[in-house]
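Written out below as structure tokens is the structure these notes cover.
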């Protein structure tokens, strides 16, 4: 079969979407995606805001507790304070890591 | 024209995205059908691709045509679904390989609707990559360079697929017509 004839045949291979509400459905999904995009951005901003507030309050609280001396079941308060500080640092780093990952993952997806 | 609508959509006029749906839905559907061979799955993939295109429109730099960029999304999404399903093995077309195939004259005898039916049925028997390349080249009139850009395949690969696709398409069509003739007799 010649190239011209083959091209003529292939013209019949175009398919049409037979679903009448296809356009509206896509537009509905597009609008939904737009709303979701806005709400996710808002949530990320809020997450950063509360993370920073928590961090500041945590620093203030740690500094405040440091000045109080007390005995807890015979243990020195400094030891307990150290344990609490290690726990806080652990929480902060994991949460910070999650926040950074999520923010950049989303940024890369949008680019 | 596409660029004008891209700007409009990026400026917040979401409803203008309908222009792209109207313009590209049928070709995107044909492209997806080449890979998936299932109209419901293909329609879902096209829908998903439009949403993805909308979400990533800001990243479209305009280095290539919008259509090439968009069909690339459609093809990637189609192959994602395709890989999830098990590849449907295409029947090997072996019989009458040396027989002269005058399928063009034979198909000319049919009415337009029947021709459309036979051609789409034959193309559905081809492997995904062959039918995809044939549709992009002959139907969408993309050049080989553009097909490479859209699919991410090498030029030699596209040429081989096109050659193989053409042969298999003719054989598949010949077989279909032969079966039809037998049924009529």
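The values are calculated or read from the model by the stated rules, or taken from the named source; none is laboratory data. Being a predicted model, the structure only gives us computed values, none of them experimental. As a convention, Cβ positions derive from the backbone with ideal geometry for all residues, glycine included, and neighbour counts pool all protein chains shown.
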Original post:
Hey, any hits in segment B:65-77 for a residue that's modelled with pLDDT under 90, more than 14 Å from chain A (Cβ to nearest Cβ), surrounded by fewer than 16 Cβ atoms within 10 Å (Cβ to Cβ) and touching a helix residue (DSSP H, G or I) at 6+ places or on another chain (Cβ under 9 Å)?
Top reply: yes
**OP:** Scan A:53, A:80, A:17, A:65 and give me the residue that is away from chain B (no Cβ under 11 Å) and at pLDDT 80 or above.
**Re:** A:53
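Tally the residues that are surrounded by fewer than 21 Cβ atoms within 10 Å (Cβ to Cβ) and either at positive phi or part of a helix (DSSP H, G or I) (or both), restricting the search to segment B:139-157.
11
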Subject >> Residues (more than 9 Å from chain A (Cβ to nearest Cβ), modelled with pLDDT of 90 or more and surrounded by fewer than 19 Cβ atoms within 10 Å (Cβ to Cβ)) located in segment B:17-39 >> reply: B:19, B:23
Original post:
Would you say residue B:3 is within 14 Å of chain A (Cβ to nearest Cβ), at negative phi, at pLDDT below 90 and in a helix (DSSP H, G or I)?
Top reply: no
Original post:
Looking at segment A:20-39, is at least one residue modelled with pLDDT of 80 or more, outside any helix (DSSP H, G or I) and within 14 Å of another protein chain (Cβ to nearest Cβ)?
Top reply: yes
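Out of B:48, B:113, which single residue is closer than 26 Å to residue A:19 by Cβ, within 11 Å of chain A (Cβ to nearest Cβ), at pLDDT 85 or above and in a helix (DSSP H, G or I)?
On the way: B:113 fails: at pLDDT 85 or above.
When all the criteria are applied, what remains is B:48.
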Subject >> Index of the failed condition, residue B:164 passing every other in (1) crowded, with 18+ Cβ neighbours inside 10 Å; (2) at pLDDT 90 or above >> reply: (1)
**OP:** Say whether the condition of being farther than 22 Å from residue B:42 by Cα, away from every other protein chain (no Cβ under 14 Å), modelled with pLDDT under 85 and not in a helix (DSSP H, G or I) is met by at least one residue in segment B:168-185.
**Re:** yes
